[in-house]
1. Mind checking which residues of the range 9-27 are touching a residue at least 40 places away in the same chain (Cβ under 8 Å) and assigned to a loop (DSSP other than H, G, I, E, B)?
2. Of all residues in the range 104-115, which are open to solvent by less than 80 Å² (accessible area, probe 1.4 Å) and more than 9 Å from the ligand (Cβ to nearest atom)?
3. Out of the residues in the range 1-23 that are surrounded by fewer than 17 Cβ atoms within 10 Å (Cβ to Cβ) and of a type in the set (A, V, I, L, M), which is farthest from Asp93 (Cα to Cα)?
4. When only residues in the range 24-37 that are surrounded by 13 or more Cβ atoms within 10 Å (Cβ to Cβ) and more than 13 Å from the ligand (Cβ to nearest atom) count, which is nearest to the chain's Cα centre (by Cα)?
5. Within the range 53-100, work out how many residues are of a type in the set (Val, Ile, Thr), open to solvent by less than 70 Å² (accessible area, probe 1.4 Å) and within 13 Å of the ligand (Cβ to nearest atom).
6. Of all residues in the range 42-69, which are touching a His at 6+ places or on another chain (Cβ under 9 Å) and either in a helix (DSSP H, G or I) or within 21 Å of Arg9 (Cβ to Cβ) (or both)?
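The values are calculated or read from the model by the stated rules, or taken from the named source; none is laboratory data. Since the model is a prediction, treat every value here as computed from it, not as a measurement. Note that we place each Cβ from the backbone using ideal geometry, even for glycine, and neighbour counts take in every protein chain shown. Heads up: the accessible areas ignore ligands, DNA and RNA and are worked out on the full protein's heavy atoms, side chains in. Shrake-Rupley method; radii C 1.70, N 1.55, O 1.52, S 1.80 Å.
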Amino acid sequence: MATDTLFGRIIRGEIPSDKVFEDDDVLAFRDIHPAAPTHILVNPKARANATIDAATPEDAARHGKLLLTAAQIARDHGFAQDGYRLVINTHDDGGQTVYHLHVHLLAGRQLTWPPG
Ligand code: 5GP
């Protein structure tokens, strides 16, 4: 479990963040180094895995909710029509730097493919 990480400290309120959404299961806040005009990090609050690779079938409902919440946040910010991207960086080659599973919501410009 990934509780003693930067995002664990943000979720516990020990480090401030620019929150955009919170419920019992999920905390979403703005990325401090945005890679797009809107860049939000969507985090499970409790029992977070370090990576998606560490997830098990018991996590299916929680992680499904995480993705649905990210999509709801995108809708709430008006990106349903123009579009957006959800990203889960995983381990070194995936570019992961914080080992508390999180979904990046990137929106507000034309995103290129393939990513760098
Ligand atoms: P990862 O690289 O693990 O997929 O994503 C970590 C993200 O956390 C990066 O996009 C980085 O900019 C962001 N980040 C790093 N430190 C902080 C911080 O103190 N506050 C916030 N809000 N975001 C951070």
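1. Asp23, Asp25
2. Answer for the range 104-115, where residues must be open to solvent by less than 80 Å² (accessible area, probe 1.4 Å) and more than 9 Å from the ligand (Cβ to nearest atom): Leu105, Leu106, Ala107, Gly108, Leu111, Pro115.
3. Ile15
4. Among them, the one singled out is Val26.
5. Let us first name the residues in the range 53-100 that are of a type in the set (Val, Ile, Thr), namely 56, 69, 73, 87-88, 90, 97-98.
With the extra rule that they be open to solvent by less than 70 Å² (accessible area, probe 1.4 Å), the set shrinks to 56, 69, 73, 87-88, 90, 98.
If we keep only those that are within 13 Å of the ligand (Cβ to nearest atom) too, we end up with 87-88, 90, 98.
Of the residues in the range 53-100, 4 are of a type in the set (Val, Ile, Thr), open to solvent by less than 70 Å² (accessible area, probe 1.4 Å) and within 13 Å of the ligand (Cβ to nearest atom).
6. We begin by selecting, within the range 42-69, every residue touching a His at 6+ places or on another chain (Cβ under 9 Å); these are 42-44, 48-53, 55, 66.
Scanning the range 42-69 gives Val42, Asn43, Pro44, Ala48, Asn49, Ala50, Thr51, Ile52, Asp53, Leu66.
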